[in-house]
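Peer 1: The structure is given below, and queries will be raised subsequently.
The values are calculated or read from the model by the stated rules, or taken from the named source; none is laboratory data. Note that the coordinates shown come from a computational prediction; the quantities given were computed from them, not determined experimentally. Cβ sites come from the backbone with ideal geometry, for glycine too, and all protein chains shown count toward neighbours. Just the protein is used for accessible areas: all its heavy atoms, side chains included, with ligands, DNA and RNA removed. Shrake-Rupley method; radii C 1.70, N 1.55, O 1.52, S 1.80 Å.
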Amino acid sequence: MSVCRRAALYLARKKGKAVLLFLIFFLVSLLLLVCFSILEGTGEAAKDLRSKIGAAFYIRPFTQMSLENGEIRQEAAPALSRQNIQEILDAAAGQIKAYNTEQYGYAKSRQLHFLPGAGGSEDSSMGQVTAVRDSALTGVFFDGEYTLLAGRPIRPEDENKILISAELAAESGLETGDTVTLTHAGFGLQDGRYIDTIPQKTRFVNAEIVGIFQCGEDSDSADAPTAAKAANHIFSDSHLLVNLGEQQEGSFEGEAAFYITDPLKLDAVLEGVRALDSIDWEHHILRENDFQYRQIAGQLQNLQDLALALIAFSSAAGLFVLLLILQLRIRGRVREAGIYLSAGISRAGILGQFSLEAGTLLLAGFLPALLLWLSGSGTLNGLLFGSLARTVPPGGGTNYLQPDLLSSVLLFAGEAGAVLLAVLTAGAGILRLKPREILTRIN
């Protein structure tokens, strides 16, 4: 009688024991599939998150103040040049995917009816202008504090384009596509009154409204002057303040933000940037921002640690239970083994039969566990990674827990190896005996 036939007949006779072993293989296989999928999935999600979230660093100049002869003196404001920015891009070695610059000034316009603030007058009716390279990368838009309601953001190639608030647009009866004439202005305080420090107007620019935004929910303070009200804030391209004579071409006195592709490279990029001697670091602040990635990456690492612990526990517990059950089962088959040996069946043939029985039940338990996990992995994927990255979804419709064929085959091979080891360990004690010794023990 062949090994396969003997194994099939035994499994058919011992249905209860076979079902018990099948359930053990099913549960262990399902747990290992889940744990290994989480382990691999968190690694893939981390890579995806790094590319989507990225990280940033900011360079902001600051003006030093000094006290001389009882008077406070303010040094000239430092600035980054276009050459400095190019050197920063070169030092990052291709890691910077985008950057943004900010400059600040004021503007007036007859077509813009600025919402009056504290101490408002015709002379102080103006709006603060933030000139940017890319408004989508500006902090209030990037963080979602301001929302673009109509039109489009400011782009690097723009010239004389502006964004205004929905309140200012409604007050002025303007919409996207309209053109307004802006002139330069300066904001100051004289004798307790807010004034325009540039009373003589010599610069005028026709600017197109390309977008309308909604301000954040935080309201202005009661003592905010007209120029400081959020609704009067104007965002423009980086050329507008230069054209109004308030800034110099190629000189950036505001904050510059640089966005890199991989947060793991942030420290190396910052090291290269700090080494630039052309930037006066005594008058510039360099700060980094990868908090969002670190927060999510920490949760992903916790998931990986949990998965590793569960893999170790389930593997050890499963192997122990399997070895215990096989020991009991094979010891209960001493008479059967003695008869086989007396009939001339080799020890290898008997171990082959025991291994085939266990392997058949392993396969019978592994396949439904794999099918169950294939159908249920999407739900767990949404629960885990959907809650981890609410602000930036890690992969849209990507199922990071979907097991692939190679990983499943390798896991089954590992389980099969463990089962074979358990069979050899459990059967070695009996098969070392001779047929006569086995029959004598039985008697």
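Peer 1: Of all residues in segment 159-175, how many are buried (at least 22 other Cβ atoms within 10 Å of the Cβ) and closer than 29 Å to GLY250 by Cα?
Peer 2: Of the residues in that region, 5 qualify.
Peer 1: Can I ask one more? Could you tell me which residue of segment 176-226 is surrounded by the fewest Cβ atoms within 10 Å (Cβ to Cβ), considering only residues that are within 36 Å of the chain's Cα centre (by Cα) and of a type in the set (A, V, I, L, M)?
Peer 2: Among those residues, the one meeting the criterion is ILE212.
Peer 1: Now for a separate question. For a quick check of your reading of the model, give me the residue pairs whose first member lies in segment 168-179 and is touching a residue at least 24 places away in the same chain (Cβ under 8 Å), whose second is in a helix (DSSP H, G or I) and not polar (S, T, N, Q), with beta-carbon atoms closer than 6 Å and at least 6 apart or on different chains.
Peer 2: Taking only residues 6 or more apart or on different chains, the pairs are LEU168/ALA231.
Peer 1: I'd like the residue in segment 392-418 that is of a type in the set (Val, Ile, Thr) and modelled with pLDDT under 85 and, out of all such residues, is farthest from GLY41 (Cα to Cα). Quick ask: steps written out before the conclusion?
Peer 2: Applying the first criterion (of a type in the set (Val, Ile, Thr)) to segment 392-418 yields 392, 398, 409.
Of the ones still in play, those that are also modelled with pLDDT under 85 are 392, 398.
On the way: VAL392: 17, THR398: 10 Å.
Residue satisfying both the conditions and the ranking: VAL392.
Peer 1: Checking the structure you have, find out if any residue of segment 237-244 is of a type in the set (A, V, I, L, M) and open to solvent by 20 Å² or more (accessible area, probe 1.4 Å). Break it down into steps so the answer makes sense when it comes.
Peer 2: To start, the set of residues in segment 237-244 that are of a type in the set (A, V, I, L, M) comprises 240-242, 244.
This time we only want the ones that are open to solvent by 20 Å² or more (accessible area, probe 1.4 Å), so: 242.
Checked segment 237-244: at least one residue is of a type in the set (A, V, I, L, M) and open to solvent by 20 Å² or more (accessible area, probe 1.4 Å).
Peer 1: I've got another one for you. Would you check if there is a residue in segment 253-265 being among the aliphatic types (A, V, I, L, M), open to solvent by 70 Å² or more (accessible area, probe 1.4 Å), assigned to a helix (DSSP H, G or I) and out of contact with any Leu (no Cβ under 6 Å at 6 or more places or on another chain)?
Peer 2: Among the residues of segment 253-265, at least one is among the aliphatic types (A, V, I, L, M), open to solvent by 70 Å² or more (accessible area, probe 1.4 Å), assigned to a helix (DSSP H, G or I) and out of contact with any Leu (no Cβ under 6 Å at 6 or more places or on another chain), which makes the answer yes.
Peer 1: State which residue is farthest from GLU208 (Cα to Cα) when the search covers only segment 129-151 and only residues that are open to solvent by 40 Å² or more (accessible area, probe 1.4 Å) and in contact with a Lys or Arg (Cβ under 9 Å, 6 or more places away or on another chain).
Peer 2: The residue in question is ALA136.
Peer 1: Among (1) closer than 29 Å to ALA166 by Cβ; (2) among the small types (Gly, Ala, Ser); (3) at pLDDT 90 or above, which single condition is GLY254 missing?
Peer 2: Just one mismatch for GLY254, condition (3).
Peer 1: Go through segment 209-219 residue by residue and tally those that are at pLDDT 95 or above and either of a type in the set (Ser, Thr, Tyr) or within 16 Å of ARG110 (Cβ to Cβ) (or both).
Peer 2: Initially, segment 209-219 is screened for residues at pLDDT 95 or above, giving 209-213.
Restricting the remaining residues to those that are either of a type in the set (Ser, Thr, Tyr) or within 16 Å of ARG110 (Cβ to Cβ) (or both) gives 209.
Number satisfying all stated conditions: 1.
Peer 1: Wholly within segment 1-95, which helices (runs of 4 or more DSSP H) include no fewer than the required count, namely at least 1 residues that are at pLDDT 85 or above and open to solvent by less than 80 Å² (accessible area, probe 1.4 Å)?
Peer 2: Details: elements: 3-13, 15-53, 82-91.
Once the helices (runs of 4 or more DSSP H) in segment 1-95 are filtered for at least 1 residues that are at pLDDT 85 or above and open to solvent by less than 80 Å² (accessible area, probe 1.4 Å), what remains is 15-53, 82-91.
Peer 1: Write out, first by first residue and then by second, each pair whose Cβ atoms fall under 8 Å of each other, whose residues are 6+ apart or on separate chains, and whose first residue, in segment 303-326, is in contact (Cβ under 8 Å) with a residue 60 or more places away in the chain while the second is of a type in the set (S, T, N, Q) and buried (at least 17 other Cβ atoms within 10 Å of the Cβ).
Peer 2: Pairs that qualify, where the first residue is in contact (Cβ under 8 Å) with a residue 60 or more places away in the chain and the partner is of a type in the set (S, T, N, Q) and buried (at least 17 other Cβ atoms within 10 Å of the Cβ), are LEU303/THR42; GLN304/THR42; ALA307/THR42.
Peer 1: Could you tell me which numbered condition THR197 fails, if it satisfies all but one of (1) farther than 20 Å from THR183 by Cα; (2) among the polar types (S, T, N, Q); (3) touching a strand residue (DSSP E or B) at 6+ places or on another chain (Cβ under 6 Å)?
Peer 2: (1)
Peer 1: Report yes if LYS108 is modelled with pLDDT of 95 or more, within 21 Å of ASP220 (Cβ to Cβ) and either charged (D, E, K, R) or open to solvent by 50 Å² or more (accessible area, probe 1.4 Å) (or both), otherwise no. Give the steps one after another, and end with the answer.
Peer 2: Values: modelled with pLDDT of 95 or more: yes; within 21 Å of ASP220 (Cβ to Cβ): yes; either charged (D, E, K, R) or open to solvent by 50 Å² or more (accessible area, probe 1.4 Å) (or both): yes.
It is true that LYS108 is modelled with pLDDT of 95 or more, within 21 Å of ASP220 (Cβ to Cβ) and either charged (D, E, K, R) or open to solvent by 50 Å² or more (accessible area, probe 1.4 Å) (or both).
Peer 1: Can you find even one residue in segment 221-237 that is small (Gly, Ala, Ser), in a loop (DSSP other than H, G, I, E, B) and closer than 17 Å to LYS108 by Cβ? Don't jump to the end; show me each part of the working.
Peer 2: Filtering segment 221-237 down to residues small (Gly, Ala, Ser) leaves 221-222, 224, 227-228, 230-231, 236.
Next, from what is left, pick out any that are in a loop (DSSP other than H, G, I, E, B): 221-222, 224.
Cutting the leftovers down to closer than 17 Å to LYS108 by Cβ gives us none.
Looking through segment 221-237, none of the residues is small (Gly, Ala, Ser), in a loop (DSSP other than H, G, I, E, B) and closer than 17 Å to LYS108 by Cβ.
Peer 1: Which condition number does SER314 fail, the rest of (1) modelled with pLDDT of 75 or more; (2) hydroxyl-bearing (Ser, Thr, Tyr); (3) open to solvent by 40 Å² or more (accessible area, probe 1.4 Å) being met?
Peer 2: The failed condition is (3).
Peer 1: Please pick out the residue among ARG294, ARG287 that is modelled with pLDDT of 80 or more, farther than 22 Å from LEU27 by Cβ, basic (Lys, Arg) and surrounded by fewer than 17 Cβ atoms within 10 Å (Cβ to Cβ). Explain how you work it out, then say what you get.
Peer 2: Numbers: ARG294 fails: modelled with pLDDT of 80 or more.
Just a single option satisfies the conditions, and that option is ARG287.
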